[in-house]
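Comments concern the structure below.
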Amino acid sequence: MALRVCACGNLNSAMDEGDRLQIELRRSGEKTVVVPRGELDLAGTPAFERTVQDACALAPRALLVDLGELAFLDSTGLRAILSAQRQSTEAGIEFAVLAGRAQVARLMEITGAAEHIRVVASAEDLAAGA
């Protein structure tokens, strides 16, 4: 069940030409999934952070950030993901990210973030505790 789709800068469900980030928040059983699409950078980070706060407010057992549709991630976006992990953990919510495209995976690898963030290959891996 999708709870909301917002585009950075407005609340349209479609991505406008000027918008570089669209975020979907959906609930699936005891798991909440945040799906950023486009570019998670300085401009999109505030919307991502608000969405994570909304997701944590739902008090799910687990929060999954699906990076599969993220075309670009910069250091600001990576910091926001690390912050999301901290916020989730402090709330007692299991946290993981779903592996993304090569550029996203590379940034996580070269910064060492992949050593601190649980990365799963599928949403089922999170449910199984893999």
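The values are calculated or read from the model by the stated rules, or taken from the named source; none is laboratory data. The model shown is predicted, which means the values in this text are computed figures rather than measured ones. Cβ coordinates were reconstructed from backbone atoms using ideal geometry, including for glycine residues, and neighbour counts include every protein chain displayed.
Observations, loosely collected:
- Boolean, residue 84 is in contact with a Phe, Trp or Tyr (Cβ under 6 Å, 6 or more places away or on another chain), of a type outside the set (D, E, K, R), at pLDDT 95 or above and within 16 Å of residue 114 (Cα to Cα): no
- Of all residues in the range 83-109, those that are charged (D, E, K, R) have Cβ atoms under 6 Å from Cβ atoms of residues that are at pLDDT 90 or above and not in a helix (DSSP H, G or I), 6 or more apart or on another chain, in 94/62.
- Of the residues making up the range 99-108, those that are out of contact with any Leu (no Cβ under 6 Å at 6 or more places or on another chain) and surrounded by 14 or more Cβ atoms within 10 Å (Cβ to Cβ) are 99, 101, 105, 108.
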